[in-house]
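Engineer: Here's a structure for you.
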Amino acid sequence: MAQLLLPVVAQNYNQSMLVTRQLFLEGYSLTEIMAGRHLKKGTITDHLVEWALFLDDFPFDQLISKETNQLLASQTAPVQTWRYQELNETGTLDYGEFRFYQIRALKGGQKDELIS
């Protein structure tokens, strides 16, 4: 069933996500995109998560900080079992970075891959 739906999903990417993606690729910061499009951080994060899930050109290394990479690479539990609330004990873990890291790991990126 999923194989049958894949072409339909591919044709119907969220158009707003595609605008966010294009602006980011043109060099706008996330803050500039939020302000220019009058969107909240959560909406932009949703767009970025969709981009990371469905397209292969997502810039994981630009959007996951070294600190987040280090924190999450040190986890021993399987990435699928991680809970944001449990890993965000200090309140400094960005939700978007957490999700981007998980997506990268599940798409085949190295769990311990760090930004140089």
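The values are calculated or read from the model by the stated rules, or taken from the named source; none is laboratory data. Computed from a predicted model, the values in this text were never measured in an experiment. No Cβ is skipped: glycine too gets one built from the backbone with ideal geometry, and neighbour counts run over all protein chains shown.
Engineer: Is there a residue in region 94-114 that is among the basic types (Lys, Arg), surrounded by 15 or more Cβ atoms within 10 Å (Cβ to Cβ) and touching a residue at least 40 places away in the same chain (Cβ under 8 Å)?
Structural biologist: There is at least one residue in region 94-114 that is among the basic types (Lys, Arg), surrounded by 15 or more Cβ atoms within 10 Å (Cβ to Cβ) and touching a residue at least 40 places away in the same chain (Cβ under 8 Å).
Engineer: Let me ask another. Against the definition (under 26 Å from Asn14 (Cα atoms) and out of contact with any Asp or Glu (no Cβ under 7 Å at 6 or more places or on another chain)), how does Leu53 come out, yes or no? Spell out how you get there, then give the answer.
Structural biologist: Numbers: under 26 Å from Asn14 (Cα atoms): yes; out of contact with any Asp or Glu (no Cβ under 7 Å at 6 or more places or on another chain): yes.
Taking the combined requirement at face value, the residue satisfies it.
Engineer: Would you check if Leu23 is modelled with pLDDT of 95 or more, outside the structural domain of Phe100 (by TED's automatic domain parsing), more than 23 Å from Gln102 (Cα to Cα) and surrounded by 10 or more Cβ atoms within 10 Å (Cβ to Cβ)? Step through it out loud before you land on a result.
Structural biologist: On the way: modelled with pLDDT of 95 or more: yes; outside the structural domain of Phe100 (by TED's automatic domain parsing): yes; more than 23 Å from Gln102 (Cα to Cα): yes; surrounded by 10 or more Cβ atoms within 10 Å (Cβ to Cβ): yes.
Yes.
Engineer: For region 31-46, what are the residues that are of a type in the set (Asp, Glu) and either in a loop (DSSP other than H, G, I, E, B) or surrounded by 15 or more Cβ atoms within 10 Å (Cβ to Cβ) (or both)?
Structural biologist: First pass over region 31-46, keeping only residues of a type in the set (Asp, Glu): 32, 46.
Of everything in region 31-46, just one residue is of a type in the set (Asp, Glu) and either in a loop (DSSP other than H, G, I, E, B) or surrounded by 15 or more Cβ atoms within 10 Å (Cβ to Cβ) (or both), namely Asp46.
Engineer: Being within 20 Å of Ser16 (Cα to Cα), within 14 Å of the chain's Cα centre (by Cα) and not assigned by TED's automatic domain parsing to the domain that holds Asn14 narrows it down to one residue among Gly42, Gly96; which is it?
Structural biologist: Values: Gly42 fails: not assigned by TED's automatic domain parsing to the domain that holds Asn14.
Going through Gly42, Gly96 in turn, the sole match is Gly96.
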